[in-house]
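Structure first, commentary second.
The values are calculated or read from the model by the stated rules, or taken from the named source; none is laboratory data. Computed from a predicted model, the values in this text were never measured in an experiment. Methodologically, a virtual Cβ is constructed for each residue, glycine included, from the backbone with ideal geometry; neighbour enumeration extends over all protein chains shown. For accessibility, only protein heavy atoms count, side chains too; no ligands or nucleic acids. Shrake-Rupley method; radii C 1.70, N 1.55, O 1.52, S 1.80 Å.
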Amino acid sequence: MNEEVFDNKINEKVKNYNPSVPPIVKDRINSTLNSLNEMQDSTYIASKVYKKNKFFNFKNRKKIIAASLVLAVISTAAIPTYAKKLNIAESIKKHFNIGTKYDKVTDEFGVSRKSSGIEVTINSAIYDGYYLLLDYKVEGDKPFNEKPSIKSEVILTPGTKKIFKNKNFASVSHEYGDFIDSSKKIYEGSVSYRVPASKINNENKPETIDTVMDKALIASKLPENYKLEMDISELSGIKGNWDFNLLVNSEKAKNNMYEYAINKDLTFLDYKAKLDNVVITPIKLYLQGSYSTKDSFLDYILINDKNEVLALSGGETVEYNNDRNYTYAYENFENESEYITVIPYNYYQQKKLTSIPLNLKGKTSVPLGDGRELTITKVEEKDNKTYVYYESEHPVNEYLPFYLGDDEGKTYMRDRVESKTAFHLKEKVVVFEGNLLNKNLHVINNTVIHYNNSFKIPLK
């Protein structure tokens with residue numbers, strides 16, 4: 001049999017072998033086979049190493065690779081089970097509000113592991129240079145007693161091609177999920193990790209101001225890819241072994257990260273305060289800067305040119321010798337605005353700046369800063385919860401507009417899931433656990449918003 005006939009037969013076998021090979025695997029096999037002809041004239045094939053050994057000439061190598069691919073897909077013992085159908089980022093879209101351009105920084109996996117009657121599938125990973133979001137599914141032979149959240153830290157190893165070193169760890173930042181069947185056997189979840197370049201590239205250097213306070217989002221510091229290892233040992237109280245070893249393409253993040261140098265002096269808020277830059281990715285907008293005050297946190301309200309408030313969705317503050325570097329993340333920014341308006345505010349954690357008796361039968365005005373205020377219009381109890389409705393013509397700290405306290409010194413923080421505080425909503429409400437209206441309640445606001453010191457940042 002001549003070599004061309006052999007090549008054609010191998011190609012046909014792979015293309016026609018369909019009973020257990022999912023499309024994602026089949027596509028990768030076919031693209032590999034099709035690319036072999038293009039490789040024939042490359043410097044790699046023409047190198048002296050391969051010329052010395054006739055067995056490793058191009059056509060023989062093509063046979064070996066093709067045969068190996070066939071063996072790989074028909075040998076279930078050699079590779080993990082692959083998901084029959086990818087549900088790319090559905091859970092992530094639902095819980096993390098990442099907009100519509102996430103596909104630019106998405107890797108599809110569909111890789112499964114089964115142990116103790118439970119199959120875990122990692123469907124996809126979204127990585128924008130800071131946040132790593134994993135979309136997964138858990139399927140059990142029996143109903144789960146509780147949500148089978150993976151709750152697993154990951155090991156990160158930067159590298160290019162097969163060279164990996166400097167293992168580092170990232171813990172779960174947020175995790176969400178829901179059962180998608182009434183029998184509670186199928187669970188879809190999503191989990192986020194903070195994975196800035198400094199965490200991937202950490203080489204166990206001595207702790208100094210330069211290593212600790214390194215900026216989180218710098219495209220040039222991202223590796224081409226990194227290995228992601230995850231070892232899950234327990235799900236919903238059931239012991240098992242679900243281990244994953246995946247390759248995340250961080251080159252996508254590097255190519256889709258836009259940085260704007262701002263260098264805004266904010267020393268009127270704190271003698272070291274400044275906003276250094278804005279970073280926009282397909283799924284988030286980030287602000288990076290620094291301050292040093294011990295008394296309060298520095299944060300921002302962002303409004304795009306369509307008068308939409310961008311909700312704060314996470315980030316972190318790194319502290320070293322009383323200096324702080326911050327990276328704040330904002331949700332669902334589509335990178336279509338020509339500018340954003342930035343309103344700085346301080347949140348005083350240990351001080352009750354405003355404490356006003358809550359009027360149960362009328363309105364209560366709550367100062368916000370620079371002469372602005374919000375108005376509580378109504379309070380009620382239902383389903384063992386207390387609802388406090390308010391109005392405001394001005395954007396507020398949506399994460400925590402206010403909280404409640406009583407005469408005994410006890411404080412009550414809002415239910416984050418039930419509360420609806422987005423600026424665009426006609427009816428905004430802060431919800432608290434329990435029936436509280438039989439107490440002497442005070443409205444407490446620790447935020448001072450500097451409306452008069454707002455500024456615009458051009459993004460074009």
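Okay, here's what the table says:
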read-out: Failed criterion for TYR300 (all others in (1) open to solvent by 20 Å² or more (accessible area, probe 1.4 Å); (2) closer than 19 Å to TYR339 by Cα; (3) assigned to a strand (DSSP E or B); (4) of a type outside the set (Asp, Glu) hold); value: (1)
read-out: Residue satisfying all of: in region 376-405; out of contact with any Ser or Thr (no Cβ under 8 Å at 6 or more places or on another chain) and surrounded by fewer than 14 Cβ atoms within 10 Å (Cβ to Cβ); farthest from ASN440 (Cα to Cα) among these; value: GLU393
read-out: Among (1) under 29 Å from TYR286 (Cβ atoms); (2) open to solvent by 70 Å² or more (accessible area, probe 1.4 Å); (3) of a type in the set (Asp, Glu) - the single one GLU146 does not satisfy; value: (1)
read-out: Residue in region 320-335 that is open to solvent by 60 Å² or more (accessible area, probe 1.4 Å) and either in a strand (DSSP E or B) or at pLDDT 90 or above (or both) present; value: no
read-out: Residue under evaluation LEU222, criteria (1) at pLDDT 90 or above; (2) touching a Lys or Arg at 6+ places or on another chain (Cβ under 7 Å), criterion not met; value: (1)
read-out: Checklist (1) within 27 Å of the chain's Cα centre (by Cα); (2) within 24 Å of HIS95 (Cα to Cα) applied to GLU433, failing item; value: (1)
read-out: Number of the exception - LEU404 against (1) in a loop (DSSP other than H, G, I, E, B); (2) of a type outside the set (Phe, Trp, Tyr); (3) more than 16 Å from ILE449 (Cβ to Cβ); value: (1)
read-out: Unique residue being on the phi > 0 side of the Ramachandran plot, of a type in the set (S, T, N, Q) and not in a loop (DSSP other than H, G, I, E, B) when the list is ASN263, ASN307, ASN277; value: ASN263
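Okay, residues lined up against (1) of a type in the set (A, V, I, L, M); (2) open to solvent by 30 Å² or more (accessible area, probe 1.4 Å):
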| position | (1), (2) |
| --- | --- |
| LEU222 | yes, no |
| GLU234 | no, yes |
| TRP242 | no, no |
| VAL248 | yes, no |
| GLU251 | no, yes |
| ASN304 | no, no |
